[in-house]
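Below: one structure, written as structure tokens.
The numbers here are math on the coordinates, done by the rules we state, and not lab data. Quick caveat: nothing in here was measured; it's all calculated off a predicted structure. Cβ coordinates were reconstructed from backbone atoms using ideal geometry, including for glycine residues, and neighbour counts include every protein chain displayed.
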Amino acid sequence: MDLKHANPETSDASARLNEIFRHCSADLHRYLQRRLRRTADVPDLSQEIFARFLQGDWQTRARNPIAYLFGIASNVIADARTAERREVVTYDSEISSQAGEAMTAAGSVDADNVELQDELTRALDQLPEMHRLALLLTKRDGLSGKEAAARMGIGEASVRVYVCEARAKLKILLQQDAG
């Protein structure tokens, strides 16, 4: 359906607006779901988009109201991504303390094993928080990169980088302890 020009029955602004919302809401939801990491934000951002649309002078400024609406959606998505990057990363300190407990429970309690576990725990504590968290979530907890990324609130590629860097730093730290 082409909404560029309202037909005579819908020339009233209110009717035209209802037609736009009815026609675009499902498409807008799909558009947002494909572009957002957290799909739980879709309803809130949808409301934000329609609110901005109504605040603007869409009747006189927009030749194509649908394109105008999706232009607003693009700006709202950019704002949401910027805000998401600035969010504080929550770190669960229990994961770090559980690492030592899990390692102790998993292996035999002979002196060499305990010493190795202590070295590994000290080395893990020296890693930056994001590196340690990415490594523990993927290697200890068995989460996929995608699942760990969702838990940490970052991209999957970043998780892979953190895990790779954490493993390299652990290797160096453990070699320093041994040498």
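Per-structure values
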{"read-out": "Sequence of Ile20, Ile66 once ranked by neighbouring C-beta atoms within 10 Å, starting from the fewest", "value": "Ile66, Ile20"}
{"read-out": "About the Cα centre, charge dipole magnitude for the range 110-162 (Lys/Arg +1, Asp/Glu -1 at Cβ), debye", "value": "440 debye"}
{"read-out": "Residue order, fewest to most surrounding Cβ atoms within 10 angstrom, among Glu115, Glu84", "value": "Glu115, Glu84"}
{"read-out": "Simple Cβ-charge dipole of the range 8-86, Lys/Arg +1 and Asp/Glu -1, about Cα centre, in debye nearest 20", "value": "460 debye"}
{"read-out": "Neighbour-count ranking [beta-carbon atoms within 10 angstrom, fewest first] of Ser158, Ser14", "value": "Ser14, Ser158"}
{"read-out": "Phi-based couplings in Hz for the range 47-53 (Karplus 6.51, -1.76, 1.60; Gly and Pro marked x)", "value": "4, 4, 5, 5, 5, 5, 4"}
